[in-house]
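Scroll down for the structure; my scribbles are underneath it.
The values are calculated or read from the model by the stated rules, or taken from the named source; none is laboratory data. For clarity, every value in this text was computed on a predicted model and none was experimentally measured. Cβ atoms come from the backbone with ideal geometry, glycine included; neighbour counts cover every protein chain shown.
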Amino acid sequence: MKGKFIGLAWAACVLLGGSSCSKQEIKREDKASDGIISSDTYSTDYRFFRNGISSVDIGESKKVLLDFRNFNNGINAKVLTNLEGKRRDYRNELASHIAVGFKEQEKVRNILENFLDEITEASKSAFAGTFAREGKIGIVQVSNDEQRLVNEKGVELGQVIQKMMIGALQVSNIDYFLMKSLTADNQTVVKGKNCTEMEYYWDIAWGYIGSINADPDRISPLFLANYIEKESVGMKGLENINVAVYHAFRAGRKAVVDSHPEEMKKQVAEIRKLLSKMLVLRTMYYLNESSKILRQKSGKELNEQYFHNMGEALGFILALPFVKNEKGEYFMTMDQAKELYDELTYGEKGIWDKERIEGNQTGSIIDVNKKLKAYYNL
């Protein structure tokens, strides 16, 4: 199950129908001579045409990500209301798109359903509108105008669900449609569209990234794209991640146009490498930020930002089973990820247990980071 990145020196820094597209539009760009990826030397302009009309069609990904956004706005709102309705929305609009092609699909869907049941019931608690304390459901003030609900163990379930779905909905579908593209027909334009089947599947994978470049109707990058374009840019080990990911998608789409299957496979491997790298580094980043907050806070009281960072870390841990190495091998199973989640949230205290979280035993941030390093051969 363990995969291996090529060139993983970056890890150390964390622990602190006929293809008649316009050749002018898809001109190949060259790498920078020093090997550093930059927007000046790598093209990320994902525009392709057939007979003067765009041949890019992101298909289902457009609606699915908008449904994800609306669902997420409900479960991460300042005041949680009508979560029964949001749970129905999830089942009706999103559940069928979760972990498509993933061998542990049923297990993934059950875990998400359990989290949804838990946050729905927590929102009905008499303590849901009070400030959180150890062993009690309540709210934490994440910022001046933002507060979030945590369960008895201090876990911000809305963040856990959101981050897990970045893996189960976005990363999983990206890989699924890239793989479908590799074996699809590239000779005939799909009836009612302006693209071949091969182009169409590649474009759907591109759409699942969540970039406004894929869907101009979006007012901001969604979820995975937000991390690619904003949260991770400039982070050690992820410099120019936005340019690298988007260039790989564009280069792969150009390879479809040029009928170069080996180049397509090369870019699929590159996309896997980049997404895997980003998700594991961001997971460890949030764990380390949580640890930093604990070290800075004296006494028994915990900084409320700590709970938010831990919620993000816990959710990203559950997103990691969906990333693959360049060969298409998973790094860890869902059971292994859930085990790390359970270790961090162990016992009645959960993440309120400052002594355990700060220690080096099972269930500590140090121990979980160590296990992540082992899974990823860092």
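Here ALA11 clears all of (1) at pLDDT 65 or above; (2) buried (at least 17 other Cβ atoms within 10 Å of the Cβ); (3) among the aliphatic types (A, V, I, L, M) except the condition numbered (1).
Only one of the numbered conditions (1) at pLDDT 95 or above; (2) of a type in the set (Asp, Glu); (3) buried (at least 17 other Cβ atoms within 10 Å of the Cβ); (4) over 20 Å from ILE166 (Cα atoms) is not met by GLU326, and that is (4).
Restricting to the stretch 61-102, and then to whatever is more than 20 Å from PHE223 (Cα to Cα) and of a type in the set (S, T, N, Q), can you tell me which residue is surrounded by the most Cβ atoms within 10 Å (Cβ to Cβ)? Only one residue tops the list, namely ASN82. Screening the candidates GLY129, GLY74, GLY85 for the property of being assigned to a helix (DSSP H, G or I), over 23 Å from the mean Cα position of the chain (by Cα), modelled with pLDDT under 95 and farther than 28 Å from GLY328 by Cα yields one hit, GLY85.
Only a single item in (1) in a helix (DSSP H, G or I); (2) at pLDDT 95 or above; (3) within 16 Å of LEU169 (Cβ to Cβ) is not met by ILE58, and it is number (1).
One residue alone among ASP217, ASP203, ASP175, ASP185 is among the acidic types (Asp, Glu), at pLDDT 95 or above and part of a loop (DSSP other than H, G, I, E, B), and that residue is ASP185.
Residue pairs whose Cβ atoms lie under 8 Å apart, separated by 6 or more positions or on different chains, with the first residue in the stretch 183-208 and over 18 Å from TYR46 (Cα atoms) and the second aliphatic (A, V, I, L, M), are ALA184/MET198; ASP185/MET198; ASN186/MET198; ASN186/VAL256.
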